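Colleague: Here it is, the structure in full.
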Amino acid sequence: MKEKYILEYTEQVVEEPIIYSLVKHFDVKVNILRAEISPGREGSMLVEIECEPDSLARAEAFLNEHSVRMIPIAESLGFQQEACIDCGACTAVCFSGCLTIGEPDWKLHVDRSKCIACGLCVPACPLGLFTLKFGD
């Protein structure tokens, strides 16, 4: 399985080799897509994790033990679908393909699995319908 997650680091573990440990000890492939981490401060990292489900469960337990929150990307991107007018402004800035206008219905479609947490959709939406929890 391959999924995207946001890893939220506390200031106590930001200098520990967490990703190294995931790769070496839990047979997890990690692709770092985006990171905002500073030594001595909290940080966030968007990663794509590829592994077997049992390896993921063990890796998640390890992260919890080290005070690293593992949040599925789908839970990080907020969108108020019911208020959307399908104007498509957000699709113009979404280069990952997460946000698209579909044919023939011309409705906005959100594929959270393609989200890379760039945050460009947040200011692009004229109605302010998007929120993103990354690096706050």
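Colleague: Enter the mean projected area of the convex hull around the alpha-carbon atoms of segment 77-132, in nm², rounded to one decimal.
Modeller: 3.4 nm²
Colleague: Another question about this same structure. Between exposed GluC sites (Glu not before Pro) in the chain, where DSSP calls loop and at most 15 other Cβ atoms lie within 10 Å, what's the longest gap?
Modeller: My reading of the result: 16-136 is the longest stretch.
Colleague: Also: For segment 1-59, compute Rh as the Kirkwood radius over C-alpha pairs and then the Stokes-Einstein diffusion coefficient at 10 °C and 1.306 mPa s; write the answer in µm²/s, rounded to an integer.
Modeller: Values: Rh = 11.8 Å.
For these conditions, the coefficient is 135 µm²/s.
Colleague: Give me the tail of P(r) for segment 54-109 as a percent: Cα-Cα pairs with distance above 19 Å. Please report the intermediate quantities before stating the final value.
Modeller: Numbers: 745 of 1540 pairs.
Cα-Cα pairs of segment 54-109 separated by over 19 Å account for 48 percent.
Colleague: Output the relative contact order of the chain, whole-number percent, from Cα pairs under 8 angstrom with separation of 6+ residues.
Modeller: 26 percent
Colleague: For Ala35, enumerate residues with amide H under 5 Å from its amide H, sequence gap 5+ or separate chain, H modeled in the peptide plane.
Modeller: Under 5 Å from the amide H of Ala35 lie the amide H atoms of Leu46, each far enough along the sequence or on another chain.
Colleague: A further question follows. Give me the angle, in degrees from 0 to 90, between the Cα long axis of helix 53-65 and the longest principal axis of the Cα atoms of the chain, rounded to the nearest 10.
Modeller: 70 degrees
Colleague: If each of His66 and Gln12 carries a label point 7 Å out from its Cα toward its Cβ, how far apart are those two points in nm?
Modeller: 1.4 nm
Colleague: Pop out the ³J(HN,Hα) list for segment 78-94 in order, Karplus 6.51 cos²θ - 1.76 cosθ + 1.60 with θ = phi - 60°, rounded to Hz; leave Gly and Pro as x.
Modeller: x, 8, 8, 4, 5, 9, 5, 9, 6, 6, x, 4, 5, 5, 5, 9, 8
Colleague: While we're looking at this one, here's another question. Kindly write out, for segment 113-122 in residue order, the coupling ³J(HN,Hα) from the Karplus curve 6.51 cos²θ - 1.76 cosθ + 1.60 (θ = phi - 60°), rounded to whole Hz, with x marking Gly and Pro.
Modeller: With the stated coefficients, segment 113-122 comes to 5, 8, 5, 10, 6, 6, x, 5, 5, 4 Hz.
Colleague: Then there is this: Once you place label points 7 Å from the Cα toward the Cβ at Ala35 and Asp105, how far apart are they in nm?
Modeller: Distance between the two pseudo-spin positions: 3.9 nm.
Colleague: Between the DSSP loop rule and a limit of at most 15 other Cβ atoms within 10 Å, which chymotrypsin sites (Phe, Trp or Tyr not before Pro) in segment 105-136 are left? Spell out each step's value before the answer.
Modeller: Values: sites: Trp106, Phe130, Phe134; in loops: Trp106, Phe134.
For chymotrypsin sites (Phe, Trp or Tyr not before Pro) across segment 105-136 that sit outside H, G, I, E and B with at most 15 neighbouring Cβ atoms in 10 Å, the list reads Trp106.
Colleague: Averaging the inverse of every distinct alpha carbon separation and then flipping it gives the Kirkwood radius. What is it for the chain, in angstrom units?
Modeller: Final number for the Kirkwood radius of the chain is 16.0 Å.
All of the numbers you see were taken from the coordinates with simple rules; none came from a lab. Given the structure is predicted, the values throughout are model-derived calculations rather than measurements. Note that we place each Cβ from the backbone using ideal geometry, even for glycine, and neighbour counts take in every protein chain shown.
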